[in-house]
Amino acid sequence: MSSKLVVEVLDASDLLPKDGQGSPNPFVQVNFDDQRQRTQTKPKDLNPYWNEKLVFTVNDLRDLPNKTIEVVLYHDRKGDQACRDKNFLGRVRIAGVSVPLSESEASVQRCPLEKHGLFSHIKGDIALKIYAVHDGNYYPPPTRPPNAASIKTEGTPLQEINNNKLEKDFMAGEKKTKKKKEKEARTFHSIGTAPSGTPASAHPPPMSSGFGLETHLMKEKAPKVEARTNYAQAGPPTVMHMQIPKPNPEFVLVETRPPVAALMRYRAGDKTASTYDLVEQMHYLYVNVVKARDLPAKDVSGSLDPYVEVKLGNYKGRTKHLEKNQNPVWNQIFAFSKDRLQANLLEVTVKDKDIVKDDFVGRLLIDLSEVPLRVPPDSPLAPQWYKLEDRKGDKINKGETMLAVWMGTQADESFPEAWHSDAHDIGQTNLANTRSTVYFSPKLYYLRVHVIEAQDLFPSEKGRAPDVYVKVQLGNQIRVTKPSPMRTINPIWNEEFMFVASEPFEDFIIVTVEDRVGPGKDEIMGRVILPVRDVPSRREIAKLPEPRWFSLFKPSLAEEGEKKKEKFSSKILLCLCLDTGYHVLDESTHFSSDLQPSSKFLRKERIGILELGIISARNLLPMKSKEGRTTDPYCVAKYGNKWVRTRTLIDNLHPRWNEQYTWDVHDPCTVITIGVFDNFHINGSKEDVRDQRIGKVRIRLSTLETDRIYTHYYPLLLLQPSGLKKHGEIQLALRFTCTAWVNMVTQYGKPLLPKMHYLQPISVRHIDWLRHQAMLIVAARLARAEPPLRRETVEYMLDVDYHMWSLRRSKANFGRIMKLLTGVASVCQWFNDICTWRNPVTTCLVHVLFLILVCYPELILPTIFLYLFVIGLWNYRCRPRHPPHMDIRLSHADKVHPDELDEEFDTFPTTRPADIVRMRYDRLRSVAGRVQTVVGDLASQGERAQAILSWRDPRATAIFIIFSLIWAVFIYVTPFQVVAVLVGLYLLRHPRFRRKMPSVPVNFFKRLPSKSDMLL
């Protein structure tokens, strides 16, 4: 019995128009083992949908890994055979080794379409599902021998297809012959879908592409979600590529195609969706309860405490009750999700608040079929007066209420302030904690305080030389000078401090002069209090303001009038200024979202717009399982000084926010941070309860293509003391639009930070302290907003503990350095292979190129830059197709030791027992000892280089200078080209003329002395 290969062609999207009218007539042709089948033609459709199964015969299933499946998209020109190259819409090739052997193991894969030439214009992608159906006998793929990398096969897995073959080969249908060059094909893997009994070896092992590039492409099976697979492509043998590690399918990005207006291109004709075009449209029924008048009295005292109850099905919202008011004003808005409408009538009831039972005042019934639709930018709907009715539906004599009812979307300006039906069980006092809000960080400045000297100090003990120092305080920031080197009543310090000040300048600078009388005993000699608002500002490198003398007063409860009676007081000379030319760092420079100086006159112009659509999340973990509830998630996004917070969705593991926000972009080399949190401040939670972290995502804008919409599910990863944990996935839509191309290109040639950071740099030690103070100021200010953005949220978004010691992070940084050195080692290995004639053809070509460059030295630089251009152009084919995200392998978070995590999450200072601290200290000593050895070896090599001419070894220095003299004479009398040829041919000589022993220059260098023998 023969086996079958099934290719399910589902759909394609964003195809290239080919008919000259903005749309193609696409069909798919699949070629496999001299068999050819095609789908139906979809006329005039840029996003066709086929859902057809094409079945092919497989004679021997064991030969399937050596076959290649070709999927080609064409434009049907209705019999016109002219201009065949214009019929081609794109293609995909899949290696047979990646085809699963059952339908249960197969998953839908969305593949980007390939070009057939370097300069052809192709775009779009296609969704496929491929699997084999065999006759019941399972034939495992043939095992490759250890030296299989050198065997040339027809379809080598895990390599990119060679796209330089012309399209006419496909159109003619000629039988393909085997090439000498190794073919490359795409490979699909579905991880986690195999039965439990399937051994791990059933999956094809990762193979090398032959050029130093290993790719492992794995995607998690997700039924209902189409994953777009990206493929690395092999380059020429002389091009180095970075090793791509095998990703865990649980932590990869999943590309999606949500039904948002920007991707649908308004195919339905609803252009009103363009207001929020990066998120799905969500319709709401809005009820604006404005006020009431002439309400009848219900209490014995002749008054009432009215409130309004808005009810729709099982959802019920209430306004605040107003005591003893027959003409109340509420101005409250209620929003009911259209997806959860449970009734056709909206019931608005006015009630009187009472101790035992609330009294009925009147009600109003509104038919939802008569509610108008309002779409921004329409003006707000005008509220109207409605007569109240009794329970039987008859009009009552007194009482009217003013309402406005309409259908709208989340783009409505009433959306952020509205009471939402998904928060129906939240009290009025905690309702503000669930609303979406926009915050702005306070404007920060660096305050420079230069303490110069003091005069005429009065020590408490006459005849004793005072030991004086100065303490400067701004808010919670305190800096102290060193004691004056001269113990006198006129001390001099000449020390400069930097502080972080914020607008509005309500703080005071407190400068205190203290005398150290004894151990642990200090005495205040004088104090001056200065308002920050009176401090002059300085832009860039302008001259500092002139120092000023300030009078010092004794800290006492004396009134200001008594101070004026003093005829004589001590003085202190200070120089104060606000440096507005710096950018106050409140987050790490590596992933900063704002690089603008404090002064608005020095800021850069806008170069673009960043739009973020927070669509939804899925598979969140329950964070309140102990309370019998799941999770109350909300999102926070931070870019520049603008923070946004979405509304909190109550008790939801699959929330759908669909909120869109916009930022101005001034520098492309910045990062936006999106975090997800669980709200613990609803239903009257205590103030000291902290919102729990769920995960966050960082995206660098410079890695995004302009005007392209990125829609992905990002894994929400959180490192905890128990290890790395995935808390779910968040779906984001991102678009970066450039409005000033020239300014954006010139930004790459300008410094990252403002000028002052380079002209008058702040030391690293001080900049870290200032960054921490800026984080505290931002967190304290946002925590005072309403609703508050709490301190734990701000600290997590700003990575407040990023500078703390972590053995895991140290290993990650060491791995990054080793990865860079691997590239240098690859160049050295390539040069060594050339010198040892590992590949004679390549070595001969290098000899020819070397002789050409020696004879024509003016070609050296053009050749180097042309080579760099070719490498960059070739690597463009394998550029990243998706935004960056958290890499657990790079972070060393997947295999970290539990004790290392416990140390990373320990407080400062430590709270662990003494034996654990001792063990960690010994471990740190061991690691530091190895680092110390490496640093010592580097120092020894540098000292040997210095010893060449220092006469520390007189014989070695004499040999070197005599040899240098001989070489100077030889090079002077010999043409440079001859010397270069001789040196080059000597370095590239055949292994037959080489020895295994080290060369004479290496032996000479290693014998030079270093200073290691001088260390104790």
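The values are calculated or read from the model by the stated rules, or taken from the named source; none is laboratory data. Keep in mind the model is a prediction, meaning the values are calculated, not measured. Here the Cβ positions follow ideal geometry from the backbone for every residue, glycine too, while neighbour counts run over all protein chains shown. These accessible areas exclude ligands, DNA and RNA; they are computed on the full protein's heavy atoms, side chains included. Shrake-Rupley method; radii C 1.70, N 1.55, O 1.52, S 1.80 Å.
How large is log10 of I(q)/I(0) for segment 849-926 at q = 0.21 Å⁻¹ when the intensity is taken from the Debye formula with one equal scatterer per alpha-carbon? The calculated log intensity ratios at q = 0.21 Å⁻¹ are -1.04. Computed over segment 945-988, the P(r) tail beyond 17 angstrom holds 48 percent of alpha carbon pairs. With a ≥ b ≥ c the root eigenvalues of the C-alpha gyration tensor of segment 282-362, is it rounded (a/c under 1.5), prolate (a/b larger than b/c) or oblate? In terms of gyration-tensor shape, prolate.
Rounded, prolate or oblate: pick one for segment 696-822, where a ≥ b ≥ c are the square roots of the eigenvalues of its C-alpha gyration tensor, a/c under 1.5 means rounded, and failing that, prolate if a/b is larger than b/c, else oblate. In terms of gyration-tensor shape, rounded. In this structure, the amide hydrogen of S593, modeled 1.01 Å from its nitrogen in the peptide plane, lies closer than 5 angstrom to those of G640, V671, counting only residues at least 5 positions away or on a different chain. 3J(HN,Hα) couplings calculated from phi for segment 618-632 with the Karplus curve 6.51 cos²θ - 1.76 cosθ + 1.60 (θ = phi - 60°) are, in sequence order, 9, 6, 5, 8, x, 9, 10, 5, 5, 8, x, 10, 9, 9, 10 Hz; Gly and Pro show x. Set the Förster radius R0 to 22 Å, insert the Cβ-Cβ distance between K755 and C575 as r into 1/(1 + (r/R0)^6), and round the FRET efficiency to 0.05. So the FRET efficiency works out to roughly 0.55.
Normalising the average separation of contacting C-alpha pairs (under 8 angstrom, six or more residues apart) by the number of residues puts the relative contact order of segment 660-757 at 23 percent.
Separation of the alpha carbons by more than 21 angstrom is noted, of K42/K123; K482/K521; K324/K392; K44/K123; K53/K129, for K324/K392. Candidate cross-link partners of K351 among the aspartates and glutamates, defined by an alpha-carbon separation under 18 Å and a same-chain spacing of 8 or more, comprise D294, D299, D305, E309, E323, D359, E389, D390, D394, E400. A straight chain from K554 to R955 at 0.36 nm per residue would run longer than the Cα-Cα distance by 137.2 nm.
How large is log10 I(q)/I(0) at q = 0.09, 0.21 Å⁻¹ when the Debye formula is applied to the Cα atoms of segment 289-415, each weighted equally and without solvent? Per q value, in the given order, log10 I(q)/I(0) is -0.26, -1.29. With 21 Å as the limit on Cα-Cα distance, the pairs of K600/K750; K725/K895; K443/K755; K642/K750 that go past it are K642/K750. Ranked by the mean number of other Cβ atoms within 10 Å of their residues, highest first, the peptides 538-551, 60-73 fall in the order 60-73, 538-551.
Between E523 and A939, the simple spin-label model (points 7 angstrom out along Cα→Cβ) gives 4.7 nm. Per-residue packing, averaged as other Cβ atoms within 10 Å, sorts the ranges 800-812, 916-928, 279-291 into the order 279-291, 800-812, 916-928, beginning with the highest. FRET efficiency for the pair Q40 and H121, taken as 1/(1 + (r/R0)^6) with r the Cβ-Cβ distance and R0 = 25 Å, rounds to 0.50. In this entry, segment 883-936 is assigned a mean projected area of 5.8 nm², taken as a quarter of its C-alpha convex hull surface. In this structure segment 824-906 gives 67 Å² per residue of accessible area when probed at 1.4 Å with all protein chains present. Fully extending the segment from D915 to K316, taken as 0.36 nm per residue of separation minus the present Cα-Cα distance, adds 209.8 nm. Per-residue 3J(HN,Hα) values for segment 98-109, derived from phi via the Karplus relation 6.51 cos²θ - 1.76 cosθ + 1.60 with θ = phi - 60°, read 8, 7, x, 9, 7, 5, 5, 8, 7, 9, 6, 10 Hz in sequence order (x marks Gly and Pro). Expressed as a whole percent, the accessible area of segment 327-453 that falls on carbon and sulfur atoms is 49 (1.4 Å probe). Here the calculated FRET efficiency for S1012 and I817, from their Cβ-Cβ distance with R0 = 35 Å, stands at 0.90, rounded to the nearest 0.05. Extension gain for I852 to I355 (0.36 nm times residue separation, less C-alpha to C-alpha distance): 168.8 nm. Partners of K626 within straight-line reach, counting aspartates and glutamates whose Cα lies under 17 Å from its Cα and excluding those fewer than 8 residues away in the same chain: D651, D678, D691.
Model label sites at T746 and D707, defined 7 Å from Cα along the beta-carbon direction, differ in position by 2.2 nm.
Hey, if you drop one equal point scatterer on each alpha-carbon of segment 1-73 and run the Debye formula without solvent, what base-10 log of I(q)/I(0) do you get at q = 0.19, 0.20, 0.21 Å⁻¹? So the normalised log intensities work out to -0.77, -0.82, -0.87.
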